[in-house]
Amino acid sequence: MDIAAYALSWLWVLVPLMFVGDTRADYMAGFIAILVLTDLHRHFGLPYVYLDAQIRRRFPVRFFVLPAVMLGLWAASPYFKRLGPSFAVLDVVGLAALVVALAQLLRRDGQGDRPPWRALAAIGLPGIVLAVMPLAGETGVERGWIWLAIAVLSSRLLVSVWPQPGTRRHGTTVTLGVIAIAMVVATNYPALRIHPRDLIAGIVVFTGAWNIWHVLMQKYGILRLYSAKSGRDTKVPGWVDRLLLLAWIPVFLLWLGPANREAVLGAYRQGRGTLVPVLDAMEAAQPYLLAPAIALVLSALALFLWHEWRANRFTNAPRLWLAAGTTSLSAAFFVVHPLKVYLAYGFSHAIEYMVFVWAFQRRRYAKPLAHNPTLARVLKHPWIAYGGFTGGGALLIIALQYGPQWMPPSARPYFLGFSTAEWFVYWGLYQSMVHFYFDSFMWKMRRGTTRAHI
């Protein structure tokens, strides 16, 4: 399992793809299958959260507030994209301030004290925003200032009703910083307008960057698991494992981005406006920074091997296999068509996650739990549970997102005036952010309740 599902799972995809052409049409069935698997894996941990009350109670705010906000954005995105250039720069600053206030709320969750639900409900970030939006046109006050005022007020109320050690000064600093930025923007760019589709493009690029970080950090987490389970007192430092994985990013940016410009822009069509200047900058920096970037990769590999020998004398086979597999997969970008390697990375990441969730739940629900969660009852029939979830989800995604592209336009399914394929694109965008965020804290190994089932 360690080799087939974690270290070398990418070979299941990359080897067959090496024997077909490099255009997407040459392996369209495999391409769609991998995309469907990628979409599916983001939902694989949701039953663990929402079908087990004990898990939900650990982070009651994070598990409900953030998905509610993302659902609202998902529902609004198709309509926003069709609006005219209706956002001023100050509007964007106000929205950013609301994001900061939301982040302050989420940071407080899971610290051991129960959230003051009545006070938090009174703050009601999303509800207040929706309620005052019509007032922007009636009062003559720019809505950016209204959104900014709501964010600042909510931030200050949050510090008062849910105080935690060390957060009061941080909240004040953030509030003052947001106000200062708003004043500068309002003064220097009073007439600049931004199209909503450009905001969505920025979200697409942000999600893509977070996805790269998320994929690498999942492999980092597995490396640390193998280290923790080694039983040895001497451990390889965490920064060494991080460097082994992250050292490739400068090389990817400086070489692969400019060299495969059209492939990158084709994969993120909605983010072209944001990506083009980034790719131009990387191409300009390539002659000066590429050699140091390659040296960083070689140094990271040497450091890993040295610390691995020092800690384990090369006896921790799973760590060595995973390090070799991930390094080989990253290096494959330079000898195989990058889209194929990208797909292999996505397939590997999805398989890693799905197998990990299966293995974790297999141990957690092996014996009856006192609170008798719904998920434990569902998993008494694992073939039906996992097969139904995976098969049913795959059929739904194929039928409503990928299947319609082969239908005549008149036969394609629509919902509320927009194609189901477009709805699924936005669903993938916002649900992926929920998945990335949940995984950043849900599987932390420093929690004893998590370690108990690893």
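The values are calculated or read from the model by the stated rules, or taken from the named source; none is laboratory data. Values in this document were obtained by computation on a predicted structure and should not be read as measured data. Note: ideal-geometry Cβ built from the backbone for every residue, glycine included; neighbour counts use all protein chains shown.
Against the conditions (1) farther than 30 Å from Leu148 by Cα; (2) crowded, with 20+ Cβ neighbours inside 10 Å; (3) among the charged types (D, E, K, R), Asp91 satisfies every one except (1). A single entry from Tyr386, Tyr426, Tyr402 fulfils the requirement of being under 25 Å from the mean Cα position of the chain (by Cα), of a type outside the set (D, E, K, R), assigned to a helix (DSSP H, G or I) and farther than 19 Å from Ile32 by Cα: Tyr386. In segment 305-323 there is at least one residue that is at pLDDT 95 or above, under 23 Å from the mean Cα position of the chain (by Cα) and in a helix (DSSP H, G or I). In segment 363-387, the residues that are more than 14 Å from Gln54 (Cβ to Cβ) and touching a residue at least 12 places away in the same chain (Cβ under 8 Å) form Cβ pairs under 7 Å with partners that are surrounded by 11 or more Cβ atoms within 10 Å (Cβ to Cβ) and of a type in the set (Phe, Trp, Tyr), at six or more places apart or across chains, as follows: Leu379/Tyr365; Tyr386/Trp358. Restricting Val184, Val276, Val251 to those that are modelled with pLDDT of 85 or more and out of contact with any Gly (no Cβ under 9 Å at 6 or more places or on another chain) reduces the list to Val251. Put simply, of Tyr79, Tyr50 the only residue that is touching a strand residue (DSSP E or B) at 6+ places or on another chain (Cβ under 9 Å) and either surrounded by fewer than 16 Cβ atoms within 10 Å (Cβ to Cβ) or in the same structural domain as Gly388 (by TED's automatic domain parsing) (or both) is Tyr79. Residues that are among the polar types (S, T, N, Q) and under 27 Å from Ala201 (Cβ atoms) were ranked within segment 389-427; the one that is surrounded by the fewest Cβ atoms within 10 Å (Cβ to Cβ) is Gln405. When you look at Val100, is it of a type outside the set (S, T, N, Q), within 21 Å of the chain's Cα centre (by Cα), assigned to a helix (DSSP H, G or I) and buried (at least 16 other Cβ atoms within 10 Å of the Cβ), yes or no? Yes, satisfied. Picking from residues in segment 33-46 that are crowded, with 19+ Cβ neighbours inside 10 Å and within 23 Å of Gly110 (Cβ to Cβ), the one that is nearest to the chain's Cα centre (by Cα) is Arg42.
For first residues located in segment 218-246 and on the phi < 0 side of the Ramachandran plot and touching a residue at least 24 places away in the same chain (Cβ under 8 Å), partners that are surrounded by fewer than 17 Cβ atoms within 10 Å (Cβ to Cβ) and assigned to a loop (DSSP other than H, G, I, E, B) and lie 6+ apart or on another chain with Cβ distances below 7 Å form the pairs Arg224/Met445; Leu225/Met445; Leu225/Ile454; Ser227/Lys235; Ala228/Met445.
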